[in-house]
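Quick one: the structure is below, and I'll ask about it shortly.
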Amino acid sequence: MRLVEIGRFGAPFALKGGLKFRGEPVLLHLERVYVEGHGFRAVEDLYRVGEELVVHLAGVTDRTLAEALVGLRVYAEVADLPPLEEGQYYYFALIGLPVYVGGEKVGEVVDILDAGAQDVLVIRGVGERLRHRAERLVPLQAPYVRVEEGAIHVEPIPGLFD
């Protein structure tokens, strides 16, 4: 069993145990989640209120029980995640991949940031290219960034790794 973090619970919603959910919309496709410190819980109901996603879990039947879960991390089992379309990736699958520029390994992905308009790779460097700066931020944007067979290839753009 391999768990990956998909979000956190926000504030309680209404009086019957609803919780606002902050995280990956993959929750819409899951029948159960793993709640930090509480184990697996079935997803009994899920709906949107405006832009917010509200979830009701098995055993969380009132606002007091929901308040105990606020801020906790929510995980999904990798095997439960829905398949993605060609060219789409789960963040966790990119973490740890080596990054190459012009055929030379320059580092590996240590994190991915949601910067609003686009996702940004956090690359921890190796070798001469990144010797003076331990990490670089690279927008995860086609066509100059390609994910191919267990590696990320970045086109050499002047100033990006100099």
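The values are calculated or read from the model by the stated rules, or taken from the named source; none is laboratory data. Quick caveat, the model's predicted, so the values are computed rather than measured. Don't worry about glycine lacking a Cβ; one is built from the backbone with ideal geometry, like all the others, and counts go over all protein chains shown. Heavy atoms of the whole protein, side chains included, go into the accessibility calculation; ligands, DNA and RNA do not. Shrake-Rupley method; radii C 1.70, N 1.55, O 1.52, S 1.80 Å.
Pop out the ³J(HN,Hα) list for the range 73-83 in order, Karplus 6.51 cos²θ - 1.76 cosθ + 1.60 with θ = phi - 60°, rounded to Hz; leave Gly and Pro as x.
Karplus values, whole Hz, x for Gly and Pro: 6, 10, 10, 10, 6, 3, 5, 8, 6, x, x.
Here's something else I'd like to know. Taking the inverse of the average 1/r across all pairs of different Cα atoms in the range 79-151, what Kirkwood radius in Å do you get?
By the Kirkwood definition, the hydrodynamic radius is 13.1 Å.
For the range 1-39, which trypsin sites (Lys or Arg not before Pro) are both in a DSSP coil and crowded by at most 14 other Cβ atoms within 10 Å?
Those satisfying the criteria are ARG2, LYS16.
Something else now. Mind checking the range 4-39 for GluC sites (Glu not before Pro) that DSSP puts in a loop (not H, G, I, E or B) and that have at most 11 other Cβ atoms within 10 Å?
Filter output for the range 4-39: GLU31.
Which whole-number percent gives the relative contact order of the chain, counting Cα pairs below 8 Å spaced six or more residues apart?
19 percent
Shifting gears a bit: Can you list which of the GluC sites (Glu not before Pro) found in the range 56-90 are DSSP loop residues with at most 16 other C-beta atoms within 10 Å?
GLU85, GLU86
Take the Cβ-Cβ distance between GLU148 and LEU28 as r, set R0 to 35 Å, and report the resulting FRET efficiency rounded to the nearest 0.05.
Step by step, r from the Cβ atoms, then E = 0.75.
Gain in length, HIS38 to ASP114, computed as 0.36 nm per residue apart minus the alpha-carbon separation, to one decimal in nm?
Full extension of this stretch gives 24.6 nm more.
Please list, ordered by chain and number, the residues whose modelled amide H lies under 5 Å from the amide H of LEU72; skip anything fewer than 5 residues away on the same chain.
Residues meeting the amide H criterion: PHE9.
Once amide H atoms are placed 1.01 Å from N in the peptide plane, what residues at a sequence separation of 5 or more from GLY18, or on another chain, have their amide H within under 5 Å of its amide H?
Amide H neighbours of GLY18, under 5 Å, 5+ apart: PHE13.
Skip the ligands, DNA and RNA, and give the accessible area per residue of the chain with a 1.4 Å probe, whole Å².
Ligands and nucleic acids excluded, the figure is 59 Å² per residue.
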